[in-house]
Structures are given as C-alpha cells and as structure tokens.
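First comes the structure, then the notes that go with it.
The values are calculated or read from the model by the stated rules, or taken from the named source; none is laboratory data. All figures in this text were calculated on a predicted structure; none of them were measured in a lab. In this analysis, Cβ positions are derived from the backbone assuming ideal geometry, glycine residues included, and neighbour counts consider all displayed protein chains. For accessibility, only protein heavy atoms count, side chains too; no ligands or nucleic acids. Shrake-Rupley method; radii C 1.70, N 1.55, O 1.52, S 1.80 Å.
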Amino acid sequence: MKKLLIATHNAGKKKEISEVLGSIGWEVLTLDDISLSVPEPEETGTTYEENALIKAKHAGDISGLLTIADDSGIEVEALPGELGVYSSRFAKSDEERVQKLLKTMEGQTKRGAKFVSCIVIYDPVTQMHNSFFGEVVGKLAEEPRGSRGFGYDPIFIPNGYEKTFGELGNEVKNTISHRAKALGKMKKYLQNYN
Ligand code: ITT
C-alpha cells in the first residue's frame with residue numbers, strides 16, 4: 001500500500017488529520033510511526049502556505065515519503081495583523097493563548113474570527129508540491145467552554161452553532177473545520193495520484 005506521512009508535532013492536529021483522512025487506500029503514517037527523527041523546522045514563512053511547505057518539505061526530504069503538513073491559525077476581526085500565521089507564537093501554551101486572547105478582547109463587542117488552514121502535499125521524488133486551503137468563520141466566546149479539541153477551540157463558536165469547538169468535539173469539527181475542508185480537497189487530489 002502507498003504511504004502518506006503526516007508531518008506535525010501537534011497532537012490535536014495529528015488526531016484530526018488521521019480521523020478526516022480515514023481509509024483513503026493509503027497507509028497513513030505519523031512522525032511517531034517512522035524510525036527517523038524529524039525535528040521541528042523553523043517556520044520562517046510569512047504565509048500559511050510558505051510555512052506548510054517548509055514543514056512538508058523538511059519531513060518529506062528526511063523520510064523520502066509523500067508528505068502532508070498543515071499550517072493554520074486564527075484570524076480575529078478586531079485584531080488585524082495579529083495572530084494569523086503567528087497564532088502559535090501568541091503565548092507559550094494552549095491555555096495561555098486562550099487566556100491572553102480573552103484578556104485582549106475584554107470589553108470588545110466585535111468578536112468575529114475565523115480559522116484558516118493550508119495543507120501542503122510534497123513529493124520528495126519529484127520535488128513537486130500542491131496546496132489546499134480551508135477556512136471556518138465564527139466568533140469568539142466570552143469565556144472558555146468545553147475541553148475537547150486543542151488550541152483556541154474552547155473559545156471559538158463556528159457560525160450556525162451556539163457551542164464552541166471545545167464543546168462540539170471532532171464529530172462536528174471534522175465536518176466543518178478549516179482543516180477538514182483543506183483535507184477534503186487534498187483527498188480528492190490524492191485519488192488521482194500515481
Ligand atoms: P505543527 O507546526 O507541528 O503542525 P503547530 O501547533 O506549531 O504544529 P502551527 O504552527 O500551524 O502548528 O500553529 C497553529 C496555531 O493555531 C496553534 O497555536 C493552534 O493552537 C492554532 N490552531 C490552528 N488550528 C486550530 C484548531 O483547529 N483549533 C484550535 N486552534 C488551532
């Protein structure tokens with residue numbers, strides 16, 4: 001069976017990507033399944049796509065496997081130019097990121113936000129790559145709710161729902177999320193990949 005490597009060091013992303021890919025007729029491997037060490041590369045890009053390519057190329061060239069990587073972030077309407085590609089650098093841990101964002105947004109009524117994902121697939125044999133994007137629009141909650149998911153999930157309420165991703169869990173998240181949408185496009189591309 002053909003092999004596909006998921007290059008992420010984020011446990012939440014790894015779970016989601018594996019779940020969304022499900023049975024695609026490829027053997028899906030994570031960085032834990034291969035015997036090689038793939039340290040985290042420096043994300044020096046200024047766009048999601050540049051950073052996703054850095055990650056996919058790094059792991060793909062080390063492993064020799066067809067590799068996908070995700071770069072993602074949250075974009076907050078009231079904080080233009082902040083977060084986005086730099087969402088993970090906003091604070092040191094998921095909990096601190098959530099607390100800092102809530103504090104920054106205190107008293108702010110404009111609470112629109114969206115998650116954006118770029119998935120890059122990279123073939124180390126041909127050195128070709130392709131990019132797929134997805135986003136989910138919603139708003140920020142006033143306080144964290146729910147313990148499912150990761151990152152900013154406890155404070156993100158997707159449009160059409162009252163609950164946060166932290167409450168909704170992956171059954172719902174994996175059908176509407178930024179990452180699920182990008183992965184859906186990537187899956188279609190993979191069906192015709194030789
Ligand atoms: P890898 O680079 O190893 O994949 P990472 O956590 O460093 O993992 P990013 O550089 O793409 O990933 O940073 C994404 C940031 O955006 C991170 O802080 C997440 O918490 C946040 N984020 C992205 N997608 C999210 C989601 O689906 N739910 C909650 N937060 C998310």
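Out of the residues in the range 77-98 that are more than 12 Å from the ligand (Cβ to nearest atom) and not charged (D, E, K, R), state the one that is nearest to HIS129 (Cα to Cα).
Going through the qualifying residues, I end up with GLY81.
So which residues in the range 76-93 are at pLDDT 95 or above and either more than 29 Å from ALA59 (Cα to Cα) or open to solvent by 60 Å² or more (accessible area, probe 1.4 Å) (or both), if there are any at all?
If the condition is that a residue be at pLDDT 95 or above and either more than 29 Å from ALA59 (Cα to Cα) or open to solvent by 60 Å² or more (accessible area, probe 1.4 Å) (or both), then VAL76, GLU77, ALA78, LEU79, PRO80, GLU82, TYR86, SER88, ARG89, LYS92 are the ones that fit.
For the range 138-167, enumerate the residues that are under 12 Å from ARG111 (Cα atoms) and of a type in the set (Lys, Arg).
LYS139
Residues in the range 102-113: is at least one part of a strand (DSSP E or B) and out of contact with any helix residue (DSSP H, G or I) (no Cβ under 8 Å at 6 or more places or on another chain)?
Yes - at least one qualifying residue is present in the range 102-113.
Just the residues that are within 13 Å of the ligand (Cβ to nearest atom) and either under 25 Å from ALA69 (Cβ atoms) or assigned to a loop (DSSP other than H, G, I, E, B) (or both), please, taken from the range 156-167.
Result: PHE156, PRO158, THR164, PHE165, GLY166.
Take the residues of the range 1-46 that are farther than 11 Å from ALA69 by Cβ and among the polar types (S, T, N, Q): which is farthest from the ligand (Cβ to nearest atom)?
Residue satisfying both the conditions and the ranking: SER23.
Among the residues of the range 162-184, how many are in contact with a Gly (Cβ under 8 Å, 6 or more places away or on another chain) and either open to solvent by 80 Å² or more (accessible area, probe 1.4 Å) or of a type in the set (Phe, Trp, Tyr) (or both)?
3
Here is a check on your reading of the model: is ILE121 under 18 Å from the mean Cα position of the chain (by Cα), open to solvent by less than 20 Å² (accessible area, probe 1.4 Å) and within 11 Å of the ligand (Cβ to nearest atom)?
no
Conditions first: (1) in a loop (DSSP other than H, G, I, E, B); (2) at pLDDT 95 or above; (3) open to solvent by 40 Å² or more (accessible area, probe 1.4 Å). PRO41 passes all but one, so which condition is the exception?
(3) is the only condition that PRO41 fails.
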